[in-house]
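Note sheet for the following structure.
Every read-out reported here was derived from the displayed coordinates using simple, explicitly stated rules and does not represent laboratory data. Because the structure is a prediction, the values reported are computed rather than measured. Ideal geometry is used to build each Cβ from the backbone, glycine not excepted, and the neighbour counts take in all protein chains shown.
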Amino acid sequence: MQKSYTVEEAKRKMEHYCAYQERCHDEVVLKLKSLNMIPQAIDVIMVHLLDNNYLNEERFACSFARGKFRIKHWGKRRITNELKARNISRYNIERALKEIPEGEYLDAFHELADKQWEITLESNIQKKKKKVMDYLLRKGYESNLVQEKIYAFE
């Protein structure tokens, strides 16, 4: 049997949930549903979290973009797709991508590509290029950037 929560208990629980780490609206709604909260209670709690700045989608998007770029070395396309999957608005996605300095982005891309080129064990040069290209595209880097870099390898 699952514990049931009052609206006040759920509010406190969600305050901690949001204070611990930036969250998007979808994550919080999902968490509230997992606590068996009714739709009216979810609405009341969401308004409370927004009014008290526990929940801020722009802040979440910016934090997400910075983190995924710096820690996982994701490209802008992958970050954009992941934010879209979380129902983040176009405005907030564009705002989040501005958090990544262009010079830092290109440096990280070239460093990642060079490292991947070095560690890819493939004697056939065409297959090696394809493997590295697929890797960089999976990471979410723009295809024109990837192609230019791949052609530079010989």
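As a summary of the residue check, M46 satisfies the conditions (1) over 30 Å from S143 (Cα atoms); (2) in a helix (DSSP H, G or I); (3) within 20 Å of the chain's Cα centre (by Cα); (4) touching a residue at least 12 places away in the same chain (Cβ under 8 Å) except for the one numbered (3). Of the residues making up the range 109-147, those that are among the aromatic types (F, W, Y) and assigned to a loop (DSSP other than H, G, I, E, B) number 1. May I ask you to list the residues in the range 86-129 that are among the basic types (K, R), more than 18 Å from the chain's Cα centre (by Cα) and surrounded by 14 or more Cβ atoms within 10 Å (Cβ to Cβ)? Selection gives K128, K129. Filtering the range 59-86 to residues that are outside any helix (DSSP H, G or I) and over 18 Å from Q21 (Cα atoms) leaves H73, W74, G75.
Only a single criterion out of (1) without any contact (Cβ under 8 Å) to a residue 12 or more places away in the chain; (2) part of a helix (DSSP H, G or I); (3) under 22 Å from R90 (Cα atoms) is not satisfied by N53, namely (2).
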